[in-house]
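Each value in this text was obtained by applying a stated rule to the coordinates, not by laboratory testing. Predicted, not measured: the structure shown is a model, and the values here were computed from it. Neighbour counts are summed over all protein chains in view; Cβ atoms, including those assigned to glycine, are modelled from backbone coordinates with ideal geometry.
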Amino acid sequence: MIFLGIETSCDETAVGIVSKENSEEKILSNIVSSQWVHKRYAGVLPELASRAHIQLIVPVFKTALEVAKIGYSEIDGIAVTYAPGLVGALLVGLSFAKAVSISINKPFVGVNHLEGHVFAIFLSHPEIELPFICLIISGGHTELVLVKDRCSYEVLGSTIDDACGEAFDKVARMLGYSYPGGAFIEKLSESGKHSIKFPLPNVAKLDFSFSGLKTAVLYFLKENPTYPKEDVACSFQNVVVDFLLKKINQAVEQLGIRQVGVAGGVAINRYLQRRFFEYGTLYNIKFYFPRPELCMDNGAMIALAGLERYRRFGPSPLSLSPIARVRL
Ligand code: KG4
Ligand code: ZN
């Protein structure tokens with residue numbers, strides 16, 4: 001079975017193609033075009049994102065087919081992210097996916113973007129045992145999810161304000177870096193010291209909060225404008241990782257499940273990965289990260305999620321509409 005997945009929920013125009021034969025899942029192509037138009041702004045500008053998707057979707061789609069070396073007739077279904085995300089951006093992918101589905105007469109399947117991030121873990125670690133706990137940390141989301149089975153989830157906790165990646169982006173901006181800022185924070189931190197004790201966010205249950213920490217960094221920089229940026233970045237990154245580990249530990253203890261998948265753009269951070277693996281060795285928790293190109297938004301994760309949804313539940317109605325906010 002071969003599925004094509006389309007992802008346009010934010011600022012990445014992405015198309016991926018995956019195959020599943022018996023139980024072997026393979027990525028045939030995974031093309032991502034990151035929109036550069038947002039770099040001069042503090043974040044993603046919705047209208048610019050939609051316009052860029054309109055320009056990029058056809059070349060990205062064609063390239064994905066070329067790289068996979070397949071024709072339309074070999075595609076068994078079209079998957080697309082329908083929620084959550086920027087409605088105008090989602091509309092581009094959704095309309096395009098419906099048009100392709102009708103023109104090649106193949107099933108159409110809507111996928112929740114967060115489910116796509118969970119499938120990035122299945123793509124990288126087919127050996128992962130169910131159930132597992134999944135932490136999704138990206139620019140728009142921070143969710144702790146119990147993955148009971150493929151396509152069966154229970155949300156354990158989410159952010160009550162900013163997303164984890166959003167906090168990285170905002171702190172990077174305070175330090176003078178362009179959007180998206182996560183990679184800048186990681187790079188800066190490599191030459192910095194953990195010299196500032198920013199407060200560990202304090203939030204009930206398995207929920208998350210990053211806005212207080214972001215504000216603490218803002219006030220620190222106002223009072224100490226010449227403080228080394230490397231140390232600010234390093235101290236910030238440190239407390240974020242401490243906080244995430246604290247929540248993971250809480251979930252592991254509560255559920256008695258010691259496999260934890262970590263997905264989303266922030267999961268690419270090598271410092272975070274190192275600290276998680278060290279913690280895992282110490283407390284007997286096995287961590288699973290997707291390959292770097294599968295951490296960020298991409299089409300292959302949507303394709304595999306769509307393929308699995310189709311096998312279990314059949315196609316989605318062609319009336320499916322985009323939704324800005326929706327739970328997994
Ligand atoms: O999953 P993703 O591509 O898009 C969303 O679904 O939001 O994640 C993008 C986020 C951005 O906030 C970006 O700053 C963050 O991932 N990110 C990082 C790193 N690389 C990207 N955060 C921390 N360290 C990184 N190296
Ligand atoms: Zn994402």
Going by amide H atoms built from the backbone, whose H comes under 5 Å of the H on GLY261, apart from near neighbours?
ILE133, CYS134, LEU135, TYR288
Only Lys, Arg, Asp and Glu count, each charged at its Cβ (+1, +1, -1, -1), so figure out the dipole size of the chain about its Cα centre, rounded to 20 debye.
280
Run through the DSSP bridge list for the chain and note the antiparallel percent, rounded to the nearest 5.
60
Charge-dipole axis of the chain as Lys and Arg at +1 and Asp and Glu at -1 on Cβ define it, positive-most pick from VAL37, LEU282, LEU56:
VAL37
Dipole magnitude of segment 129-289, debye to nearest 20 (Cβ charges: Lys/Arg +1, Asp/Glu -1, about Cα centre):
220
Sequence-distant residues sharing a close amide H with TYR179 (under 5 Å, placed H)
TYR41
Starting with the fewest neighbours, write out MET296, MET1, MET301 ranked by other beta-carbon atoms found within 10 Å of each beta-carbon.
MET1, MET296, MET301
Fewest-first ordering of GLU127, GLU7 by Cβ atoms within 10 Å yields GLU127, GLU7
Got a sec? How would GLU25, GLU115 order by Cβ neighbour count within 10 Å, fewest to most?
GLU25, GLU115
Select from SER191, ALA68, LEU90 the residue farthest towards the positive end of the dipole of the chain; place +1 on Cβ of Lys and Arg, -1 on Cβ of Asp and Glu, and compute about the Cα centre.
SER191
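Which shape class, rounded, prolate or oblate, goes with segment 129-289 when its Cα gyration tensor gives a ≥ b ≥ c as root eigenvalues, a/c under 1.5 marks rounded, and past that a/b bigger than b/c marks prolate?
prolate
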In sequence order, what are the phi-derived ³J(HN,Hα) couplings for segment 32-39 according to the Karplus relation 6.51 cos²θ - 1.76 cosθ + 1.60 with θ = phi - 60°, rounded to whole Hz, with x for glycine and proline?
10, 10, 7, 6, 8, 4, 8, 4
Using Cα atoms only, what is the angle between the long axis of helix 164-174 and the major principal axis of the chain, expressed in degrees (0 to 90) to the nearest 10?
60
Taking Cα atoms, the helix 113-124 axis meets the longest principal axis of the chain at an angle in degrees (rounded to 10) of 90
Of the listed links LYS148/LYS187; LYS26/LYS187; LYS26/LYS148, those spanning more than 25 angstrom between alpha carbons are LYS148/LYS187; LYS26/LYS187
